[in-house]
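The values are calculated or read from the model by the stated rules, or taken from the named source; none is laboratory data. None of the values given here were measured: they were computed from a predicted structure. No Cβ is skipped: glycine too gets one built from the backbone with ideal geometry, and neighbour counts run over all protein chains shown. We work out accessible area using only protein heavy atoms, side chains counted, and drop any ligands, DNA or RNA first. Shrake-Rupley method; radii C 1.70, N 1.55, O 1.52, S 1.80 Å.
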Amino acid sequence: MLQIKDLHVSIDGKEILKGIDLEVKAGEVHAIMGPNGSGKSTLAAALAGREMFAVTKGSVTYMNENLLELSPEDRARKGLFLGFQYPVEIPGVSIVNFMKTAINEHRKFKGLEPISASDFLKHMREKKELVGLTSSLTNRSVNEGFSGGEKKKNEIFQMAMLEPILAILDETDSGLDIDALKIVAQGVNQLRRKDNATIVITHYQRLLEYIVPDFVHVLYKGRIVKSSGKELALELEEKGYDWIKTEE
Amino acid sequence: MDESALSLELKRDLISLFRQNTGALETNSGRILNLYRERAFHDFDKLGIPSTKNEAYRYTPLEKYFQGNYDVELNANPFKIDVGSVFKCDVPELDTDVVLVLNGFFHSGNKTGQLSGGVIVCGLNEASVRFPDIFHKHYSHYADSEADGLVALNTLFAQDGVFVYIPPNTVMEKPLQIINLSHSLKNLRITRRNLIVAEENAVANIVVCDHTLCNQRYLANSLTEIFAGENARISFDRLQNENNLSTQINHVFIHQLQNSLFNGTSISLHGGLIRNNFYARQDGPNCETNLNGLFLCDDKQHVANYVLVDHASPHGTSNQLFKGILDNDATGSFNGKILVRKDAQKIQAYQKNNNLLLSSAARMNTKPHLEIYADDVKCSHGATVGQLDNEALFYLRSRGIGEKEARFLLMYAFANEIVSRISVPILKERIIELVDKRLRGELSKCNNCDIRCG
Amino acid sequence: MEESQDHILNEVTGGEYKYGFITDIETETIPKGLNEDVVRLISAKKKEPDFMLEFRLKAYRHWLTMKMPQWAHLTIPEIRYQDIIYYAAPRQQVGPKSLEEVDPELLRTFDRLGIPLEEQKMLSGVAVDAVMDSISVKTTFRETLAELGIVFCSMSEAIREYPELVKKYLGTVVPYTDNYFASLNSAVFSDGSFCYIPKGVRCPMELSTYFRINAANTGQFERTLLVAEDDSYVSYLEGCTAPMRDENQLHAAVVEIIALENAEVKYSTVQNWYPGDRNGKGGIYNFVTKRGICKGDNSKISWTQVETGSAITWKYPSCILRGNNTIGEFYSVAVTNNYQQADTGTKMIHIGKNSRSTIISKGISAGHGQNSFRSLVKVVKSADKVRNFTQCDSMLMGDKCGAHTFPYIEVENESAVIEHEATTSRIGEDQIFYCNQRGIDTENAVGLIINGYAREVLNKLPMEFAVEAQKLLAISLEGSVG
């Protein structure tokens, strides 16, 4: 599904990612861990196509296509979803209106008619329940005045609405209490299918108790320095990141 | 410029006053001061005394304050004042270097010359002769006489005032306190001109107090130019406490280079008419400008604050906070402007003006105003005119606080947001005390002074 | 950042002004230029009673003594008043009684503008007065409204058929001496709408006037008068478009509203005059005086405007809150793109006790546009317990435009509570990226964000027009993302 080869990414001329190799297959869950500043969010943003992150070297193939050639919206329409670490506020734009626009853009891309109002409402009701989002929240403006937890739930809700093929969740656990974390994880797990995949980016092992990964990668100073099964996460939890730093 | 018949008449009188005294003015003044008079004459002749048709003076009816007979002093008044006694009288325990300016002239009794660290404090006229290089570089460079007839008028009649120079990398040891005194047996027209130059990495604390010592009519036109070099930090606090017959027009031009900081707080306690014009220009990136003002006025007093913060470079921040409490027949105005020039990106500029009206005859006009030509900026302004919060009043009373005291507490809290920004701690305490007395309706006269400022 | 903005800018193509076509119809015009004879000629053409001619002549003589106002934050090229044609009318029968008598070309024009004049085709619940150049073409639903005692007709007809009403109210809110453009309008106004809601009547449908400039080299000077008697209610909407022409055309209108006791008037404008091309060539100068008076106690006047068109807009719909407990409202979205300039806002004059006002303004500047908000909130001495809340937001798109605010607050009564807030912002690159990541392309993302920003105001428009206004906003900002 996704093949990253020797990916180098810079911001303002400063190289952040220095050669990433990663392959994700359908049905898999990958966790990317690492200390602050190791380049985790840069990887997520570069995959989603944020323009301030310049790819200077390497390739990314997604569904047998060159991902790097696609605009951010086309990546999204082809099923790539980024759960933002810091979702932006968009005053005055209700979540309902926002999601309806997004879904119809996806449908238009696939050559489908716009969704009917009743289907949309039904779809939304189902997904709201999944993440325990209340109607009072969906009638509000996108992320405006949301608490940290509400913003993250809103990201998972949008993921459920758009049914992505590859979801990249950037620090979705940060700022969540344990109940919110469970709800978020439950949402992610229910959306897991044979034909989709998830990349979970996290600083802590905590989330991985609820979303059990098939592979764990440790990102450090712009490179993946260790890859292994889920037991790696436990090891990191126990020993911290220092041993990786010293190993290097 | 829109001119009324009255303002034309005033202009004619002032021009003839200048013509009659040109010789004396020029003889008494250094060459560089005289150098700028011709242009100032031309500008004043063009602009005159601003009338209310002038947008910047829309709410300040100045002309009537310019009417009447005023004397002019062309030489320093020989009147002797014991610097020590005035100093004690005003702000006890305040450890400052003090200089007196009497009717616009740097007082001969001042300790002059260099303070520690090579800081120079002396009379403006003296400085124009002793430090021609600094003068050429700064004098009249920031005060734009084309913008305001009163600026031109100041330059036209400028003779003396205070000169302060803080060399590079120098921290002023003690705050400098400039005491402007008006003292005469006749009504007097006063011109004060100050120049403050803080070179790169300099740190300066300056306090200015304005007082009248007699109950005559004074018409003062003061102008201060302040230069903040790269990374300089200047605090400039002002206390205005003059009699009800006095008119004080006060211009402060601030010119900031990159990374510099300017904090200015003005407290207007008393005065017949006080007009403060602040012009701050950020001429390099990463500047910070904070301008605060509090005015308390009653009877027929008028206090007007005009502020222009000119963001001419990117990455600057500025804050304006002006608060007023108006009682009896007092009138006040606030006219603040944030200008963000094209390509001055990443600016954060804020402006707030809050006012309390305490009586049915008090009037307040406010015009907070933004002009923005760059897109990546965060600017906001807010203005309110209102009364003390009845719910808060009730809450205090329900706790057993009498209504009068409760009102006082709330007014005090309102004023304190500004007073708390004064940077010299002992001065802050003193001003808190003065504001306290002022709000309680007691005369805020200085301890040992019998002049009733009220 | 810069690069991505430029990229987005290039990506989105410029929007077309959809209403720029010209109707090929025989037009009767008078020679260009202005003098007393022209004023007399206009009055004669309209078969006006003497009092109107006197009104016009007084206004004209006063206008001659005045100068163009200079205080607005606008750069106005010289206007040569002697080169303007002050009267132009599509040639047709005077006062067509039925649709069959209206020139089919005119009907087609209004059809193309989305304003069908056949009643069965119309949005139910909207009565339209269609004005082309100097005259009213057709007023629909007149009979239905007449049954309720509501008068809705062109100004010319009103002057002939209801002279007493016109005489009583015309010029009472905007006197002929009011300002330069109001004086000019008073001298030469050609048509407009008249609306009278009798006591106790709630007007059951939206009243609407659609203004269309067609002829070249003409000025449009319409005059609207709206009187709401005690306990009445009316919602009124006006829309405007003009052909694309390289020269500038002057539009100087006057609107007066009188609301008597307990009356409520809602006045909405969707202004889409031709804004000029991308380089600032052509476009309408829209210099308009709109003012309402809440004369009776408990009355309310609410202005809503969506200003997307015109090369230059100079307009301050205002409320004189004379009665006690009266309410004035002003909701505005103003867009300036390319080289458009706008200086717009409101005045709330509080005279009555307990009067309240709300001002919500959303300015959007893009391209080289300059957008100024100007307001006056005045509380006179007698006005106890006045409340005002003003919020004025500006959004900037691109680094060549400007957003300015000039609020004036004048308070002479200590019991007033006046609050003013203003912010500036821009469309963040992060907001656009967030939308992109959800599959929404940049053009739609901008539309979405702008409509979100303006929602508070758009919500105040009558339902039928809110959707139209939303589309208009998106279209007028196409090609301007920065």
Let me know the Rg and Dmax you get for region C:132-252 when you use only its Cα atoms, in Å. 15.1, 48
Quick one: 3J(HN,Hα) in Hz for region C:158-164, Karplus 6.51/-1.76/1.60 with θ = phi - 60°, rounded, Gly and Pro as x. 4, 4, 7, 9, 10, x, 5
Please list, ordered by chain and number, the residues whose modelled amide H lies under 5 Å from the amide H of C:ARG374; skip anything fewer than 5 residues away on the same chain. C:THR344, C:GLY345, C:THR346, C:PHE406
Placing +1 on each Lys and Arg Cβ and -1 on each Asp and Glu Cβ in chain B, then taking the dipole about the Cα centre, the residue among B:LEU434, B:ASN276, B:GLN159 whose Cα reaches farthest towards the positive end is B:LEU434
For region B:326-393, what D do you get in µm² per second when you plug the Kirkwood radius from alpha-carbon pairs into Stokes-Einstein at 4 °C and 1.567 mPa s? 94 µm²/s
Positive-end residue, region A:2-247 charge dipole about Cα centroid, Cβ charges, pick of A:GLY145, A:VAL184, A:GLY79: A:GLY79
Calculated over region A:38-148: convex hull of Cα atoms, volume per residue (Å³): 142 Å³
Put +1 on the Cβ of every Lys and Arg and -1 on every Asp and Glu Cβ in the protein assembly as shown; which of A:ILE16, A:MET99, C:GLY282 then has its Cα farthest towards the positive end of the dipole? C:GLY282
Please report the relative contact order for region A:2-247, taking Cα pairs under 8 Å with a sequence separation of at least 6, and give it as a percent rounded to a whole number. 28 percent
If you take the accessible area of B alone, add that of C alone, and subtract the area of the pair, what total do you get in Å², probe 1.4 Å, to the nearest 100? 2800 Å²
Kirkwood Rh in Å, taken over region A:1-87 so that all alpha-carbon pairs contribute: 13.4 Å
When the Kirkwood radius is taken over all Cα pairs of region B:207-289, what Stokes-Einstein diffusion coefficient follows at 20 °C and 1.002 mPa s, in µm²/s? 158 µm²/s
Which trypsin sites (Lys or Arg not before Pro) does region B:172-215 hold that lie in a coil by DSSP with at most 14 other beta carbons within 10 Å? B:LYS186
How many percent of the alpha carbon pairs in region B:127-259 exceed a separation of 25 Å? 28 percent
Placing one identical point scatterer on every Cα of region B:250-395 and ignoring solvent, what is log10 I(q)/I(0) from the Debye formula at q = 0.14 Å⁻¹? -0.66
Calculate how steeply helix A:148-162 sits against the longest principal axis of the alpha-carbon atoms of chain A, using the helix alpha-carbon long axis, and give the answer as 0 to 90 degrees to the nearest 10. 70 degrees
If you average the sequence gap of Cα pairs under 8 Å that are 6 or more apart and divide by the length of region B:3-440, what percent do you get for the contact order? 10 percent
Which is the longest stretch in chain C that no exposed loop site breaks, taking sites as trypsin sites (Lys or Arg not before Pro) with a DSSP loop state and at most 13 other Cβ atoms within 10 Å? C:98-380
What shape does region B:99-202 take by its C-alpha gyration tensor, where a ≥ b ≥ c are the square roots of the eigenvalues and a/c under 1.5 counts as rounded, a/b above b/c as prolate, and the rest as oblate? oblate
Could you size up the charge dipole of region B:3-440 around its Cα centre, putting +1 on the beta carbon of Lys and Arg and -1 on that of Asp and Glu, and report it in debye to the nearest 20? 580 debye
Which percent of Cα pairs goes in each bin when the distances of chain C are cut into 20 angstrom slices starting at zero? 25, 58, 17, 0
Loop by DSSP (not H, G, I, E, B), at most 13 other beta-carbon atoms within 10 Å: where is the longest site-free stretch of chain A for trypsin sites (Lys or Arg not before Pro)? A:26-109
Per residue, how many Å² of accessible area does region B:3-440 show with a 1.4 Å probe? 36 Å²
Run through every distinct alpha carbon pair of region C:232-306 and return the Kirkwood hydrodynamic radius in angstroms, one decimal place. 13.9 Å
Mind listing the Cα extents of region A:2-247 along all three principal axes, in Å, largest one first? 57, 39, 35
Using the crude model of +1 on Lys and Arg Cβ and -1 on Asp and Glu Cβ, and no other charge, please compute the dipole size for chain A relative to its Cα centre, in debye to 20. 480 debye
Quick one: Karplus J couplings for region B:362-377, per residue in order, coefficients 6.51, -1.76, 1.60, θ = phi - 60°, nearest Hz, x for Gly and Pro? 5, 9, 9, 10, 9, 9, x, 8, 10, 10, 10, 10, 10, 9, 8, 9
Carbon and sulfur atoms account, in whole percent of the 1.4 Å probe accessible area of chain C, for 48 percent
Cα atoms only: what Rg and Dmax, in Å, come out for region B:209-257? 14.1, 43
Charged-residue dipole, Cβ positions (Lys, Arg, Asp, Glu), the protein assembly as shown about Cα centre, Debye nearest 20: 1720 debye
Region B:3-440: Kirkwood hydrodynamic radius (Cα pairs, Å) comes out at 22.1 Å
Can you send over the carbon and sulfur percentage of the accessible area for chain A, probe radius 1.4 Å, protein chains only? 48 percent
The protein assembly as shown: Rg/Rh from Cα coordinates, Kirkwood Rh? 1.02
Taking Cα pairs under 8 Å and at least six residues apart, what relative contact order does chain C come out at, in percent? 12 percent
In whole angstrom, largest first, the equivalent ellipsoid semi-axes that the Cα gyration tensor gives for region C:330-482 are 33, 16, 13
